[in-house]
Amino acid sequence: MNKSGNPTSLIMIFGATGDLAKRKLFPSLYRLFEKGSLTDQFAVVGVARRPLTNEEFQTSVKDSVLTALGKDANIDEFVSHFYYHSHDVTDSSSYVTLKTMAAGLDEKYNIGGNRIFYLAMAPEFFGTIALHLKSDGLTDVKGFKRLVIEKPFGHDLESAKELNEQIRTAFSEEEVYRIDHYLGKEMVRNIEVIRFANAIFEPLWNNRYISNIQITSSETLGVEERGRYYETSGALRDMVQNHMMQMVALLAMEPPIRLTDEEIRSEKVKVLRALRMPEGEQIKDYFVRGQYGKGTVNGEELPGYREEQMVNPESNTETYVAAKLMIDNFRWAGVPIYIRTGKRLTTKSTKIVIQFKDIPMNLYYQTDKELNPNLLVIHIQPDEGITLHLNAKKAGQHLDATEVKLSYANSGINGMNTPEAYEKLLDDCMHGDATNFTHWDEVALSWSFVDNISEVWENTKEESYPNYEAGSKGPKAADELLEKDGFFWWPIMELDVDKC
Ligand code: BG6
């Protein structure tokens, strides 16, 4: 900590010339700097393969801040803390040079030996880098040392275990910060507050009052230039194993006894342990997969997934997943949690809908329809807020009921994958708060759940692919998944805060 109470740190970003660093990390660090959370006692070392001078690197940091945020007040002062090291991840001598550089910066900025190693690059090198950081002495510091690691954390349980073992030779679990950027989103962080700070929700938050929960995270973009990665991942690994499962855990966990990272994690882990694991033939009753074909959006012809760059023309990879998850515990027995996520859909939106059970008897018959169920909608993005759908009397003489909506809109940034999420996560990491990072136990449990499904999917070719058009609402089978339980997906576009 420095005098202002903010932590001092030397941040080494591996993959500093990559997309993530430019689009998210530099703008987020800049915002922290502008807010005074990063004071003079910090330095950033950009580490990447290509040769660059410090000046060239600083110019690229400047450009990324301006591009992402459209402003650059005090930018020269900010970038003067940035340095560059051209690195070979497998070569010890390169780490030794980095170590000397780090020691110099530590002294120059009076950092006190605090170090954050941020791995924002190809995952195949995560393990190698962690091992070298230890063997070449970079983790030998008198302050804190923390490893921030981007997804994907492994490709399946086995590879995740192997990676974890490599990392753990150099860092303890408390020193590992596994990023799930959904946990940096304002309204994802709000889930626990909505649940545990409101007397009107918590008593109803169980199978006696909730009929089902729906979590949708839909995207309009296709795989863009990430075909090579996506072919080995698919929507199940790319979105479900991490972001979707994390939201499920936060929605379903028991109230923690205290708001510490250990207590919250231990409640989340219990949810993941209680997930019903469908096997073999049963998987079809719980999971739906889809792949987009070509389509037209606003007059523009969009290619199908199989026509995208670096994608096998006969690819069996799913770009869409819908699932019915059952949590077999006292609180949730019998309540389906439906999730869906996919690329090239009609809208970019993440929302959670909690549908409450119907009242026992409807006294207020409307002329043409039944009473609407009460819904609590948590808007994660692009709009941020909550809406409660209630029934109230229609104005006029008759005692007819009509739907009314109470909305709270958070004035969040209307953008995708906003730097804001990274800003919060970086700040948390500097303060040593690991609450919004994924613990190894959570990673292991969600991989073992997902592996079960992906093994079957990889070994059975889906003959119906492509089964939804680019720009559409996804495969029909996703609707049938709910219809057979007597439910339907709430149309998320109509639930937007501004439509309420
Ligand atoms: C990433 C996935 O983790 O999340 C991407 O790798 C996906 O494929 C992205 O597009 C979605 O994030 P957001 O914040 O835009 O919903």
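Let me make sure I get this right: for the chain, a, b and c are the square roots of the gyration tensor eigenvalues over alpha carbons, sorted descending. Under 1.5 in a/c it's rounded, otherwise prolate if a/b > b/c, else oblate. Which is it?
Judged from the Cα gyration tensor, the chain comes out prolate (a/c at least 1.5, a/b above b/c).
Based on the mean of other Cβ atoms within 10 Å per residue, sort peptides 72-78, 101-107 so the most packed one is first.
By packing density, highest mean first, the sequence is 101-107, 72-78.
Report, in degrees rounded to the nearest 10, the 0 to 90 angle that the Cα long axis of helix 126-135 makes with the longest principal axis of the chain.
Once rounded, one gets 40 degrees.
Suppose only helical runs count, i.e. DSSP H with n ≥ 4. What mean residue ellipticity at 222 nm does that imply for the chain under -39500 (n - 2.57) per run, divided by all residues and rounded to the nearest 500 deg cm²/dmol?
Using -39500 (n - 2.57) per qualifying helix, the result is -9500 deg cm²/dmol.
Hey, what do the phi angles of segment 199-207 turn into as Karplus ³J(HN,Hα) couplings, whole Hz, using 6.51/-1.76/1.60 and θ = phi - 60°, x for Gly and Pro?
For segment 199-207, the Karplus curve yields 5, 7, 9, 4, x, 9, 7, 6, 6 Hz.
L119: net charge of surrounding residues, Cβ under 12 Å, Lys/Arg +1, Asp/Glu -1, itself excluded?
+1
What is the distance in Å between the Cα centroid of segment 443-493 and that of segment 127-178?
Cα centroid to Cα centroid, the span is 33 Å.
What is the packing order of peptides 461-468, 150-157, taking the mean over residues of other C-beta atoms within 10 Å and listing the highest first?
Ranked from most to least packed, the peptides come out as 150-157, 461-468.
How do the peptides 294-307, 218-231, 311-324 rank, highest first, by the average count of neighbouring beta carbon atoms within 10 Å per residue?
Result, highest mean Cβ count within 10 Å first: 311-324, 218-231, 294-307.
When only alpha-carbon atoms are used, what values of Rg and Dmax, in angstrom, describe segment 151-253?
Rg then Dmax for segment 151-253, in Å: 17.1, 48.
If you average the C-alpha positions of segment 216-233 and of segment 71-108 separately, how far apart do those two centres end up, in angstrom?
If you average the Cα positions of each part, the centres end up 33 Å apart.
How do W440, W489 rank by accessible surface area computed with a 1.4 Å probe, from largest to smallest?
W440, W489
Does a label point 7 Å from the Cα of D76, set along Cα-to-beta-carbon, have any residues of segment 45-69 with amide nitrogen under 18 Å, and which are they?
54-66
Could you work out how much longer the chain between L204 and H398 gets when fully extended? Use 0.36 nm per residue separation minus the Cα distance between them, nm to one decimal.
Gain on stretching L204 to H398: 66.8 nm.
Based on the Cβ-Cβ distance from L221 to E458, what FRET efficiency comes out when R0 is 25 Å, to the nearest 0.05?
Once rounded, the FRET efficiency stands at 0.55.
Tell me the angle of helix 157-170 to the major Cα principal axis of the chain, expressed in degrees between 0 and 90 and rounded to the nearest ten.
For 157-170 against the chain, the angle is about 30 degrees.
Could you work out the local net charge near P278, counting Lys and Arg as +1, Asp and Glu as -1, over the other residues with Cβ closer than 13 Å to its Cβ?
Around P278, the surrounding residues sum to -3.
Would you give the gap between the C-alpha center of segment 251-294 and the C-alpha center of segment 313-336, rounded to a whole Å?
9
Could you give the C-alpha radius of gyration of segment 63-106 expressed as a fraction of 2.2 N^0.38 Å, taking N as the number of residues it contains?
So the Cα radius of gyration is 1.57 times the expected 2.2 N^0.38 Å.
Round to the nearest 10 and give me the degree value, 0 to 90, for the angle of helix 261-273's Cα axis relative to the longest principal axis of the chain.
With both axes taken from Cα atoms, the answer is about 50 degrees.
So for the chain, taking the charge dipole from beta-carbon charges (+1 Lys/Arg, -1 Asp/Glu), which of W332, N74, W205 sits furthest toward the positive end?
So the residue we want is W205.
Report the relative contact order of the chain, percent, no decimals, based on alpha-carbon pairs under 8 angstrom and at least 6 residues apart.
17
The values are calculated or read from the model by the stated rules, or taken from the named source; none is laboratory data. These figures come from a predicted structure and were not determined experimentally. Backbone-built Cβ (ideal geometry, glycine too); neighbour counts: all protein chains shown. Note: areas computed on protein heavy atoms with side chains; ligands, DNA, RNA excluded. Shrake-Rupley method; radii C 1.70, N 1.55, O 1.52, S 1.80 Å.
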